[in-house]
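Each remark here refers to the structure printed beneath this line.
The values are calculated or read from the model by the stated rules, or taken from the named source; none is laboratory data. On a predicted model such as this, the values are computed, not experimentally measured, just so you know. Neighbour counts are summed over all protein chains in view; Cβ atoms, including those assigned to glycine, are modelled from backbone coordinates with ideal geometry. Heavy atoms of the whole protein, side chains included, go into the accessibility calculation; ligands, DNA and RNA do not. Shrake-Rupley method; radii C 1.70, N 1.55, O 1.52, S 1.80 Å.
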Amino acid sequence: MTEQKNELKRGATSMCNDHTARDIFLVSNSVDELGGITSFTHQMAQLFTNRGHAVHVLGIVPAPEGRRADLDDDLPYRTTTLYDVHPPSLKPLRGIKGKLDLVERRRRAAREAGMREQAAKLTALFRVARPGSVVIVTQVWAMEWVALADTTGLRVIGMSHESFETCRKSSRFARVKKYYADVDRMLTLTREDADLWIRQRFDHVGAMPNPLPFFPDQPSPRTAKRVVSIGRLHEEKGVDLLLDAWAKVAPRHPDWMLRIYGSGEEEAALKKQCAELGLVDSVEWMGRTSDVPGALRESSLFALSSRGEGFPLSLMEAMATAVPCVAFNVAPGVREIITDGENGYLAPPGSTEEFARRLDELMTDQALRDRMGEQARNDIQRYSTDEIIARWESLFTLLER
């Protein structure tokens with residue numbers, strides 16, 4: 001069993017007497033798609049199960065090909081995926097030509113009928129739930145099906161796992177305003193994001209950070225001359241920016257290596273960029289890893305070069321392993337986790353020059369790495385699983401009143 005799984009098993013392993021056992025439905029786009037929301041969903045499912053709740057993880061569609069996470073065969077809670085295959089995507093019906101597009105109108109009608117059929121499955125599950133039970137929708141696209149289901153007698157919580165600004169720049173912004181308007185509580189990851197949603201006249205918004213994924217017994221000694229990055233090789237994760245920053249700092253530290261963990265659609269382009277920057281000898285492409293604690297223990301610095309984030313689990317994992325971090329200050333969640341100059345460094349978004357300068361400071365100074373790393377490990381414990389699960393239990397009690 002991996003260290004992450006052991007961490008989930010520890011703590012609240014028996015039902016406590018200070019809360020009511022409930023049926024809890026966690027609804028996401030997919031049950032098993034690689035990514036932070038899937039990790040969050042299954043972590044919370046395990047934590048709620050440990051507390052004595054009956055948990056059911058529901059996905060709308062199967063994970064895309066090549067993006068499927070490996071789940072345990074012996075999960076202590078139910079999982080269900082509504083569709084066998086992804087329903088057809090729709091194009092907007094614009095103008096007279098769109099209104100006369102009979103093929104697209106038929107596709108739209110078939111999709112809507114399919115949605116109602118799948119929502120009926122949700123209704124059947126919800127109807128047998130105990131009083132006081134809760135539906136937690138982790139992604140707003142999934143809320144389109146929950147909105148069609150009968151949730152009478154249940155409390156519905158809608159979550160946004162990205163910053164307000166990132167959401168506002170996407171099509172999800174309109175969906176949140178439409179589908180989360182009438183939920184019992186909408187949850188953002190930070191108080192700062194909650195305040196921004198309140199300005200949108202959402203007066204039912206609260207903040208709930210992600211729980212710490214793990215807290216390893218053995219932290220990194222921070223002696224290996226190695227910087228690590230962990231994440232999907234996608235434009236939003238900014239690995240191209242990290243390579244640009246590394247090109248500035250690597251010549252000053254020829255004995256250091258940058259290890260990049262992850263896979264994705266940008267892999268070929270990033271490796272080409274790496275070669276063009278002359279970094280082939282100082283960058284290691286590690287692919288996906290199932291041993292994140294091990295990867296972090298073998299490093300001395302963590303680089304988060306994302307263009308956008310919510311409440312990054314990888315950042316929390318690095319800090320729990322006592323690895324100091326350098327990150328672009330792209331979201332409230334990042335600056336809530338990192339206190340600049342104390343337990344890590346924040347660089348202005350996109351400033352590879354400043355990012356490189358901060359890496360250079362930490363690569364040069366072992367004492368600084370040690371001080372920041374130990375401070376990070378201490379500070380990140382405010383997001384311990386016990387702390388976060390207690391906040392969830394308090395929210396459930398509040399919503400029952």
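So that you can scan it fast, the table gives a plain yes or no per residue for (1) in contact with a helix residue (DSSP H, G or I) (Cβ under 7 Å, 6 or more places away or on another chain); (2) over 24 Å from Asp365 (Cβ atoms); (3) among the hydrophobic types (A, V, I, L, M, F, W, C); (4) free of Cβ contacts under 8 Å to residues at least 12 places away in the same chain:
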position	(1), (2), (3), (4)
Leu301	yes, no, yes, no
Arg307	yes, yes, no, no
Gly310	yes, yes, no, no
Ala320	yes, no, yes, no
Pro324	yes, no, no, no
Val330	no, yes, yes, no
Would you confirm whether or not the stretch 336-343 contains a residue that is in contact with a Ser or Thr (Cβ under 9 Å, 6 or more places away or on another chain) and over 17 Å from Glu236 (Cα atoms)? yes
Elements of type strands (runs of 3 or more DSSP E) in the stretch 21-91, at least 2 residues being in contact (Cβ under 8 Å) with a residue 24 or more places away in the chain, closer than 26 Å to Met115 by Cβ and open to solvent by less than 10 Å² (accessible area, probe 1.4 Å): 23-28, 54-59
Going through the stretch 248-260 one residue at a time, which ones are open to solvent by 30 Å² or more (accessible area, probe 1.4 Å) and either over 11 Å from Val227 (Cα atoms) or of a type in the set (Lys, Arg) (or both)? Lys248, Pro251, Arg252, Pro254, Asp255, Arg259
Tell me whether the stretch 209-218 contains one or more residues that are among the hydrophobic types (A, V, I, L, M, F, W, C), within 21 Å of Thr38 (Cβ to Cβ) and in contact with a Cys (Cβ under 9 Å, 6 or more places away or on another chain). no
Tell me, yes or no, whether the stretch 1-11 has at least one residue that is surrounded by 20 or more Cβ atoms within 10 Å (Cβ to Cβ), touching a helix residue (DSSP H, G or I) at 6+ places or on another chain (Cβ under 6 Å), within 28 Å of Gln381 (Cα to Cα) and at pLDDT below 95. yes
Mind checking which pairs have a first residue in the stretch 219-235 that is within 22 Å of Asp360 (Cα to Cα) and among the basic types (Lys, Arg) and a second that is in a loop (DSSP other than H, G, I, E, B) and open to solvent by 60 Å² or more (accessible area, probe 1.4 Å), Cβ under 9 Å, 6 or more apart or different chains? Lys225/Asp255; Arg226/Glu298
The stretch 129-139 - residue that is open to solvent by 10 Å² or more (accessible area, probe 1.4 Å) and modelled with pLDDT of 95 or more and, of those, farthest from the chain's Cα centre (by Cα): Ala129
Looking for something without any contact (Cβ under 8 Å) to a residue 24 or more places away in the chain and open to solvent by less than 20 Å² (accessible area, probe 1.4 Å) - is there at least one such residue anywhere in the stretch 346-353? yes
Condition first: over 17 Å from the mean Cα position of the chain (by Cα) and closer than 19 Å to Pro332 by Cα. Now tell me which residues in the stretch 195-241 satisfy that. Asp195, Leu196, Trp197, Ile198, Arg199, Gln200, Phe202, Val205, Gly206
Taking the condition of being within 20 Å of the chain's Cα centre (by Cα) and surrounded by fewer than 18 Cβ atoms within 10 Å (Cβ to Cβ), how many residues in the stretch 391-401 meet it? 1
For the stretch 261-272, which residues satisfy the criterion of being over 17 Å from Arg307 (Cβ atoms) and open to solvent by less than 30 Å² (accessible area, probe 1.4 Å)? Tyr261
Suppose we keep only residues that are over 13 Å from Trp246 (Cβ atoms) and in a helix (DSSP H, G or I) within the stretch 277-297. Which one would you say is most open to solvent (accessible area, probe 1.4 Å)? Arg297
Name the residues in the stretch 158-167 that are under 13 Å from Ala194 (Cα atoms) and not in a loop (DSSP other than H, G, I, E, B), would you? Gly158, Met159, Phe164, Glu165, Cys167
Taking the stretch 186-226 only, how many residues are open to solvent by 30 Å² or more (accessible area, probe 1.4 Å) and either of a type in the set (Lys, Arg) or assigned to a helix (DSSP H, G or I) (or both)? 9
Any idea how many residues of the stretch 145-157 are of a type in the set (D, E, K, R) and either crowded, with 23+ Cβ neighbours inside 10 Å or in a loop (DSSP other than H, G, I, E, B) (or both)? 1
Right, Phe396: in contact with a His (Cβ under 8 Å, 6 or more places away or on another chain), modelled with pLDDT of 95 or more and farther than 18 Å from Glu317 by Cβ or not? yes
Please go through the stretch 305-342 and pick out each residue that is part of a strand (DSSP E or B), of a type outside the set (Phe, Trp, Tyr) and open to solvent by less than 10 Å² (accessible area, probe 1.4 Å). Cys325, Val326, Ala327
